[in-house]
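Working notes, structure below.
Each reported figure results from applying straightforward, stated rules to the coordinates on display, with no laboratory input. This is a predicted model, so every value here is computed, not measured. Methodologically, a virtual Cβ is constructed for each residue, glycine included, from the backbone with ideal geometry; neighbour enumeration extends over all protein chains shown.
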Amino acid sequence: MVIFLFYTYLAATKSPRSMKLIDGKAVSEEIKNTLKQDVIDYKNRTGRVPHLAAILVGDNPASKAYVSNKVKSCQQVGFNSTLIKLEEDISEEQLLTHIRELNENPDIDGFIVQLPLPKHIDDVKVTLAIDYKKDVDGFHPVNFGRMAQGLPCYLPATPFGITLLLERYNIETAGKHVVVVGRSNIVGTPMSILMSRKSKTGDATVTLTHSRTKNLAQIVSQADIVVAAIGIPGFITEDMVKEGAVVIDVGINRVEDESTEKGSRLVGDVDFVKVRGRSSFITPVPGGVGPMTVMGLLLNTFKSANKEIYN
Ligand code: GUN
C-alpha cells in the first residue's frame, strides 16, 4: 500500500519535462519471471537445481534485511538457498572454515559473505578465501581483474544490475560523460571501469570522484550520467545536476522520520524530490537499483550452474 501511494505521488507530481522513472522493481520482476522458466528448463535438462549460499555474520539489521531478500528471491525463481548465520564474535579462522566447506561442496554453485564484517575479521582475507569460480558477488581479484580486461567473469552484482537497467531503458552511454561519485570496491570503482570499457553499456568517458575530489559539485554538473554511490543521504543536490542528465542512485540510507510508523525511512544519495525535475531518467530509492543488485546475484549464480564462465 505504501509503495502504491509512493508511485501514485510520483506520477501525480511528475515534472512536465520528460523525466522518466527507472523502475528497478518492475525490471527485476521481468527478470525473475524469465529466470523462473530458465530454471525449470535447467532442472529438466540436468536433474539438479541451482543453489546459492549466503553467510551472514552478526546482527547488522541492514545486512539481515539484504540477505533475507536474497533468500526470498532465490525461492521466487526456484533456486535452492542456504543461509549460514554466524555469531558476531565468531573467529576469523572459523569463518574461513565455513568458506572452505562451501568451496568444496559440489552442490553449491555460488555463495556470498555479506559485508560489512565485524572489525576483528579481515574482509580482504575472506574475499581471497572464496573460490573465484563460486564468487557470484564478483568481489574476488580474479573476477575483478577479468572484468577490468573485458574477459568473461562474474560482474559485481550492483554494477551488473545497473548495466541491465541502462540497457532496458535504452540509455545511450557511448561518448557520454559519466561521473561516478564514490570509489568503493563493490560499486564505484567497478562501475567506473565497466562504463569505460568497449561494450553495449560502456564506451563512456568516465570521471571517478571521491571524498578527496576538489570541485566535486562542478564536476558532477558536467555529467550526462551521474552514478551516486557515496553513502551520504541526499548528497547530490539539484544545483549539481545538469538539465536532462540521467541519475542513478545507488545509496540506501536509513534516516529518522517521526512521521512514519517505524520512525525512519530509506533514502538515496540523491535529493530525489528536487533532482528529478532536472533529470531525463532517475532511479528512486527504494525500488531502483536495490532490486537489481539481487538480480545480478541470481544471474551470476545461474551462469555458475551452467558453467558459463568457468568449468
Ligand atoms: N554489502 C553491501 N552490498 C553487498 C553486496 O552486494 N554483496 C555482499 N556480499 N555484501 C554487500
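Data overview
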read-out	value
Residue among 265, 254 that alone is over 21 Å from residue 77 (Cα atoms), within 15 Å of the ligand (Cβ to nearest atom) and more than 16 Å from the chain's Cα centre (by Cα)	254
Count - residues of region 219-243 that are touching a Leu at 6+ places or on another chain (Cβ under 9 Å) and either over 17 Å from residue 171 (Cα atoms) or polar (S, T, N, Q) (or both)	1
Residues of region 143-153 satisfying the condition of being in contact (Cβ under 8 Å) with a residue 24 or more places away in the chain, part of a helix (DSSP H, G or I) and within 16 Å of the ligand (Cβ to nearest atom)	144, 147
Pairs where the first residue, in region 220-231, is within 15 Å of residue 243 (Cα to Cα) and the second is outside any helix (DSSP H, G or I) and among the basic types (Lys, Arg), C-beta under 7 Å, 6+ apart	221/242; 222/242; 223/242; 224/176; 225/176
Selection count, region 236-288, where residues are among the β-branched types (Val, Ile, Thr), closer than 23 Å to residue 29 by Cα and crowded, with 24+ Cβ neighbours inside 10 Å	6
Residues of region 249-268 that turn out to be in contact with a Gly (Cβ under 9 Å, 6 or more places away or on another chain) and in contact (Cβ under 8 Å) with a residue 40 or more places away in the chain, as a count	4
Criterion: touching a strand residue (DSSP E or B) at 6+ places or on another chain (Cβ under 8 Å), surrounded by fewer than 19 Cβ atoms within 10 Å (Cβ to Cβ) and under 25 Å from residue 72 (Cα atoms) - qualifying residue of 88, 101	88
So residue 200, is it within 26 Å of residue 26 (Cα to Cα), touching a residue at least 24 places away in the same chain (Cβ under 8 Å) and over 17 Å from the mean Cα position of the chain (by Cα)	yes
Per-region count, region 73-115, residues in contact with a Gly (Cβ under 8 Å, 6 or more places away or on another chain) and of a type in the set (Asp, Glu)	2
Unmet requirement for residue 301, which otherwise passes all of (1) within 16 Å of the ligand (Cβ to nearest atom); (2) part of a loop (DSSP other than H, G, I, E, B); (3) not basic (Lys, Arg)	(2)
Residues of region 174-195 that turn out to be surrounded by 19 or more Cβ atoms within 10 Å (Cβ to Cβ) and more than 17 Å from the chain's Cα centre (by Cα), as a count	2
Flag if residue 307 is among the basic types (Lys, Arg), more than 16 Å from the ligand (Cβ to nearest atom), assigned to a loop (DSSP other than H, G, I, E, B) and under 27 Å from residue 150 (Cβ atoms)	yes
Residue in region 45-56 that is of a type in the set (A, V, I, L, M, F, W, C) and over 30 Å from residue 122 (Cα atoms) present	yes
